[in-house]
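To start, the structure under review is shown below, and the notes come after it.
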Amino acid sequence: MSLTGTPFLYTLVALALVAVVLPLVVWSRIRGPRALRALARILMLLFAQGTAVALVFVLVNNQNMLYDNWGDLLGTSDHVEQAADLGPDGTGGIALDKLPPVRQSFAPALGPGMGSAGGVRVTHLTGRVSGVHAEVYVWLPPQYDQPAYRNHKFPVVELLPGYPGSARAWFRTMDAHEQLLPLMRSGRVAPFILVAPRTNLLPGVDTGCANIPGKANADTWLSVDVPRMVMDNFRAQSAPEGWSVAGYSAGGHCATKLAVAHPDRYRAAVSMSGYNDPKAERAALTAKSPALRRANDPYLLLRKAPTPPPVALYLSGQPHDGYEAAMALKQAAKPPTSVDVVFVPRGAGGHTMALWKPQVVPAFEWLTRQLPVTPRVPSSADSTRAALASGSASPATAARRP
């Protein structure tokens, strides 16, 4: 039975009801020695507490998509076949343009929200360079199958969840495809292909989206294997001009780091409540040594870059939850690197999906403006939201918005 499936949730609801009714019915009817009666009553109380805790956990997990399946929850899910040392560029000296195309079969993704807005599809990809094997979710914009666009190549946004987190969260909890569908139809947002690869690759730890020989080549999985598969199977624009990466929390850290480290693979990045120093996530492998921390800190990468990378960054955060890290990157950036910072007041919510979900539309409006050719934005667009999306709103202004 799926951890995030409706049958499991309904089963827990039924068990919780039984746990409440059972003591009311049999509490005074239990017969036998006093010790046996006490044991039976204690077991009923433990059963009630256990089902209540399990039900609350499942509701929270389904809302935030922290654990995708039983393997993720129990720490038995391993998606790394090998983790060879692939060198500084993460390719291991492989001539990527010489590799034959990756042809994948896709199936409709199952679960709440996955079938809406045209439906999300999923495939299981074995990364030929990274040694990672895992699922990748893809959503196609409404224009993709229209005859007028049959020769058109579409821009792509790679979507990264936090840790722990499921790639499905962008569709199931954030409702990204449902929010963006009408805006893509109206031309307010460009018709992006949305790609959400698994980032939880090892049991019980966060890879930090990094290449760590002997552990996991998560960077190569995200920035090489997944993009090549998408370009081989869909009419996707080539990197870096047509590619962006977006994430929240640990995924926001990854998005910024990938874009700054690989300006030849990404042109823009969105980070919601992200951080710079990997030690912000205690479970991150990249926080285990000073060398790994330095090599995967986007602030240090930006400061030490021989040439400022030609990437655009959209960074949003609250005080002590992403805002200071964003401002540090803005101060370190030099042209052609551009950084737009959005201050989010504390009253907007905490470090949860409720904070990030409303930011999807402004972030994608900003991503649309980073493309070489952008659709016309309707004059009725909300000026306050546009100011926030561009980073031109001040903390004081943001705090006053409704």
For this session: Looking for whichever is in contact (Cβ under 8 Å) with a residue 60 or more places away in the chain and in contact with an Asp or Glu (Cβ under 6 Å, 6 or more places away or on another chain) here; the options are 283, 268, 255. Which one fits?
Result: 283
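Every residue in region 53-68 that is open to solvent by 50 Å² or more (accessible area, probe 1.4 Å) and not in a helix (DSSP H, G or I), please. Don't jump to the end; show me each part of the working.
Taking region 53-68 first, the residues open to solvent by 50 Å² or more (accessible area, probe 1.4 Å) are 53, 56-57, 59-60, 63, 66-67.
The answer is 66, 67.
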For this session: For region 156-165, state whether one or more residues are touching a residue at least 40 places away in the same chain (Cβ under 8 Å) and more than 12 Å from the chain's Cα centre (by Cα).
Result: yes
For this session: Determine if region 87-103 includes at least one residue that is within 27 Å of residue 351 (Cβ to Cβ) and not aromatic (Phe, Trp, Tyr).
Result: no
For this session: Mind listing whichever residues of region 170-196 are at pLDDT 95 or above, under 13 Å from residue 120 (Cβ atoms) and not aromatic (Phe, Trp, Tyr)?
Result: 174, 175, 176, 177, 178, 180, 181, 193, 194, 195, 196
For this session: Find the residue count for region 248-266, including only residues that are open to solvent by 10 Å² or more (accessible area, probe 1.4 Å) and in a helix (DSSP H, G or I).
Result: 2
For this session: Please determine, by comparing only the residues of region 178-223 that are aliphatic (A, V, I, L, M), within 18 Å of residue 77 (Cα to Cα) and in a loop (DSSP other than H, G, I, E, B), which one is most open to solvent (accessible area, probe 1.4 Å).
Result: 205
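Return the residues of region 141-165 that are open to solvent by 40 Å² or more (accessible area, probe 1.4 Å), over 30 Å from residue 280 (Cβ atoms) and in a loop (DSSP other than H, G, I, E, B); say none if nothing qualifies.
Of all residues in region 141-165, those open to solvent by 40 Å² or more (accessible area, probe 1.4 Å) come to 145-153, 163.
Filter once more, so that each one left must be over 30 Å from residue 280 (Cβ atoms): 145-153.
Residues satisfying the conditions are 145, 146, 150, 151, 152, 153.
From the set of residues in region 102-140 that are among the small types (Gly, Ala, Ser) and part of a strand (DSSP E or B), which is most open to solvent (accessible area, probe 1.4 Å)? Show your work before the answer.
Just the residues of region 102-140 that are among the small types (Gly, Ala, Ser), to begin with: 105, 107, 109, 111, 113, 115-119, 127, 130-131, 134.
From the residues that got through so far, the ones that are part of a strand (DSSP E or B) too are 107, 134.
Details: 107: 47, 134: 0 Å².
It comes out as 107.
Just checking, which of 275, 266 is within 21 Å of residue 308 (Cβ to Cβ), at pLDDT 95 or above and among the aromatic types (Phe, Trp, Tyr)? Don't jump to the end; show me each part of the working.
Numbers: 275 fails: within 21 Å of residue 308 (Cβ to Cβ).
Answer to the selection: 266.
Is it fair to say residue 284 is within 26 Å of residue 87 (Cα to Cα) and aliphatic (A, V, I, L, M)? Before the answer, list the steps.
Details: within 26 Å of residue 87 (Cα to Cα): yes; aliphatic (A, V, I, L, M): yes.
Here the answer is yes, as residue 284 does meet what is asked.
Every residue, every condition in (1) of a type outside the set (Lys, Arg); (2) touching a Ser or Thr at 6+ places or on another chain (Cβ under 7 Å); (3) within 22 Å of residue 198 (Cα to Cα), yes or no:
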| position | (1), (2), (3) |
| --- | --- |
| 34 | no, no, no |
| 47 | yes, no, no |
| 55 | yes, no, no |
| 59 | yes, no, yes |
| 64 | yes, yes, yes |
| 72 | yes, no, yes |
| 78 | yes, no, yes |
| 87 | yes, no, no |
For this session: Mind listing whichever residues of region 224-240 are in contact with a Leu (Cβ under 8 Å, 6 or more places away or on another chain) and open to solvent by 10 Å² or more (accessible area, probe 1.4 Å)?
Result: 225, 228, 234
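Residue under question is residue 270, and the condition is that it be part of a helix (DSSP H, G or I) and either of a type in the set (A, V, I, L, M) or crowded, with 23+ Cβ neighbours inside 10 Å (or both); does it hold? Spell out the reasoning first.
Values: part of a helix (DSSP H, G or I): no; either of a type in the set (A, V, I, L, M) or crowded, with 23+ Cβ neighbours inside 10 Å (or both): yes.
Here the answer is no, as residue 270 does not meet what is asked.
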Seminar exercise, completed: Reported set for region 1-51 where residues are open to solvent by 90 Å² or more (accessible area, probe 1.4 Å), of a type outside the set (D, E, K, R) and not in a helix (DSSP H, G or I) is 1
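From the list 293, 282, which one is of a type in the set (Lys, Arg), open to solvent by 40 Å² or more (accessible area, probe 1.4 Å) and at pLDDT 95 or above? Working first, answer last.
Working: 282 fails: at pLDDT 95 or above.
Only one candidate qualifies: 293.
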Problem set entry | Which numbered condition residue 363 fails, given (1) touching a residue at least 60 places away in the same chain (Cβ under 8 Å); (2) over 13 Å from residue 248 (Cβ atoms); (3) not in a loop (DSSP other than H, G, I, E, B) | (2)
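The values are calculated or read from the model by the stated rules, or taken from the named source; none is laboratory data. The structure displayed is predicted, hence computed values, not measured ones. Backbone-built Cβ (ideal geometry, glycine too); neighbour counts: all protein chains shown. Keep in mind that these areas ignore ligands, DNA and RNA; they rest on the heavy atoms of the full protein, side chains included. Shrake-Rupley method; radii C 1.70, N 1.55, O 1.52, S 1.80 Å.
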